[in-house]
Amino acid sequence: MTIVHGKVGPLSVILGIILIFAAHNDEKNYIQLSFRQEALLTLHKPHLICFPAMWSGLFTHLTESWNNFKGLDPDYITWMDLMQKHGYHTQKYGKLDYTSGHHSVSNRVEAWTRDVDFLLRQEGRPMVNLTGDRRHVRVMEADWKNTDKAVAWIREEAINLTQPFALYLGLNLPHPYPSPYAGENFGSSTFLTSPYWLEKVMYEAIKIPKWSSLSEMHPVDYYSSYTKNCTGQFTKKEVKNIRAFYYAMCAETDAMLGEVISALRDTGLLKETIVIFTSDHGELAMEHRQFYKMSMYEGSSHVPLLVMGPGIKEQQQISNLVSLVDIYPTMLDIAGIPVPQNLSGYSLIPLLQGKAEEEVSPRGPRPSWVLSEFHGCNVNASTYMLRTGKWKYIAYSDGHSVLPQLFDLSADPDELTNVAVKFPEIVNSLDKILRSVVNYPKVSSYVQEYNKKQFISWKQSLGQNYSAVIANLRWHQDWLKKPKKYEKAIDEWLIQQRK
């Protein structure tokens, strides 16, 4: 969550980015959002890892933030850096996660080896865990501590500032929790909450998503489902519980947002503060036989973006497709700071104020499409998504070796029927647009070479410890059954010539 106390003309703003649920779900009304007078926009994530696009304002292939380990350079100038340079008091709390070097060794090695000819489970089986009793409110203690810090800062410092300010609060919820039952090295596949929050969910109204059979799945989807440990049998109750616990985790997140808004209201700052609420990615919550992110399906790529504050038209739902790369120019526009013309994103202020963009933006109107791309773990091909109107086009790798997908979201909102073969002219048209934005076969090839070079460097750094280390990453439960087989597969991949 970001709060900006500054200008939209001249005024103060608080920009808040809170990691929360994917707004596309029709079950979203189970969560009573703390916003009461807000604008809701249709936002898609330009890259399905944590924050680089939001802090850079650029598409992933431009920053080369290929995975959760390879983020932005540490000296990259963010919008908050520019706001500070122009006189804003800036403050950050909580999850940032946009520079290089974050996440586990497993996470980066899984991304580097995605082209290796093996299939290994990288996560624990998704499950739920009920903790505490009906009085247990603060389940995600770390997030609550950061919320408390932000609230205290508003009440004790922001109220006394003579300069405009920008406050950022990043929460980990409703991200699934670690799963220690899976062994020493484990992923995060546990949906955890308390009875206090679970009782706020309308359990009987939760829909169980439809699944394609394993044999009918797109090959990249199958790889994702398998590596996420979701190809086994799940009862309807298991799936429904996972979704219920996820919504309960969203409710807890919403309560943290409520604390921030209450602090602004109590201090009299709310009337002169802009609050922006969004997420770094969605959560599939067992849609398409997956949990987590790393997918171009709506549950993963379509996230909420709500804005409230002075100058923002109230109670409006904006249908234009927007992206997290739009946050960077929006923040600068709010503060009255000149917006660099090389950014991938466009300011959201014209949309929020109901103005015709072409009349106020030097770059002209925003595109009618949004782009998302992914090059990390749990997906065995670089993936590119173009969304425009009712169509979603997904291309893979070099555009030929893996079949594309095309979904008509108006007729098929659950994205169950790939109509790429049925509408070749639409595929060709959207692929032409996609290639005009990014030379994706070239980018895919570059990423493949990057992955191999990074893995070789990592392997050499381990020396004689290599076999023991690689066997005990998150995939250890499968790897240790046939360690020589998997090491051989990597060796064969390393000696393959570039195609």
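Bear in mind that the values in this text are calculations on the coordinates, not laboratory data. Source: prediction; values computed, not measured. As a convention, Cβ positions derive from the backbone with ideal geometry for all residues, glycine included, and neighbour counts pool all protein chains shown.
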### Task
Specify which residue in the list Leu264, Asn439, Ser56 is farthest towards the positive end of the charge dipole of the chain, using unit charges on the beta carbon of Lys, Arg (+1) and Asp, Glu (-1), about the Cα centre.
Asn439
### Task
Find the centroid of the Cα atoms in segment 296-353 and in segment 275-289, then give the distance between the two in whole Å.
17 Å
## Note on the structure
For segment 128-141, Karplus-derived ³J(HN,Hα) couplings (6.51, -1.76, 1.60; θ = phi - 60°; whole Hz; x for glycine and proline) come out as 10, 8, 9, 10, x, 10, 5, 9, 7, 8, 8, 6, 8, 4
### Query
Which whole-Hz ³J(HN,Hα) couplings does segment 419-435 yield from phi under the Karplus relation 6.51 cos²θ - 1.76 cosθ + 1.60, θ = phi - 60°, glycine and proline marked x?
10, 4, 5, 6, 10, x, 5, 5, 4, 5, 5, 5, 5, 5, 4, 4, 5
### segment 272-337: equivalent-ellipsoid semi-axes (sqrt of 5 x gyration tensor eigenvalues, Cα, Å)
28, 13, 10
### Residue-wise HN-Hα coupling along segment 73-79, computed from phi with Karplus coefficients 6.51, -1.76, 1.60 (Hz; x: Gly, Pro)
5, x, 9, 5, 8, 8, 4
## Note on the structure
Residue-normalised 222 nm signal for the chain, counting each DSSP H run of n ≥ 4 as -39,500 (n - 2.57), nearest 500 deg cm²/dmol, is -9500 deg cm²/dmol
### FRET efficiency, Gln315 to Phe118 (Cβ-Cβ, R0 41 Å, nearest 0.05)
0.20
### Query
Once all Cα-Cα distances of the chain are split into 10 Å bins that start at 0, what whole-number percent is in each one?
4, 20, 30, 27, 15, 4, 0
### Query
So which aspartates and glutamates pass the test for Lys432, namely a Cα distance under 20 Å, with those fewer than 8 places away in the same chain ruled out?
Glu373, Asp398, Asp408
#### Entry: Cα radius of gyration and Dmax for segment 436-499 (Å)
14.6, 46
### Query
What's the percent breakdown of Cα-Cα distances in segment 242-371 across 10 Å bins, shortest bin first?
10, 34, 33, 19, 3
#### Entry: Stretch gain in nm, segment Lys390-Glu272, where the contour uses 0.36 nm per residue and the Cα spacing is subtracted
38.8 nm
#### Entry: Reduced Cα scattering model of segment 141-293, Debye log10 I(q)/I(0), q = 0.16, 0.20 Å⁻¹
-0.95, -1.24
### Message
Based only on other Cβ atoms within 10 Å, what is the fewest-to-most ordering of Glu298, Glu141, Glu487?
### Response
Glu141, Glu487, Glu298
### Summary
Non-local residues with an amide H under 5 Å from the amide H of Val128, with H modelled 1.01 Å from N and Pro and chain starts lacking one, are Phe191
#### Entry: Residue order, fewest to most surrounding Cβ atoms within 10 angstrom, among Met294, Met256
Met294, Met256
### Message
With N set to the number of residues, divide the alpha-carbon radius of gyration of segment 182-238 by 2.2 N^0.38 Å and report two decimals.
### Response
1.46
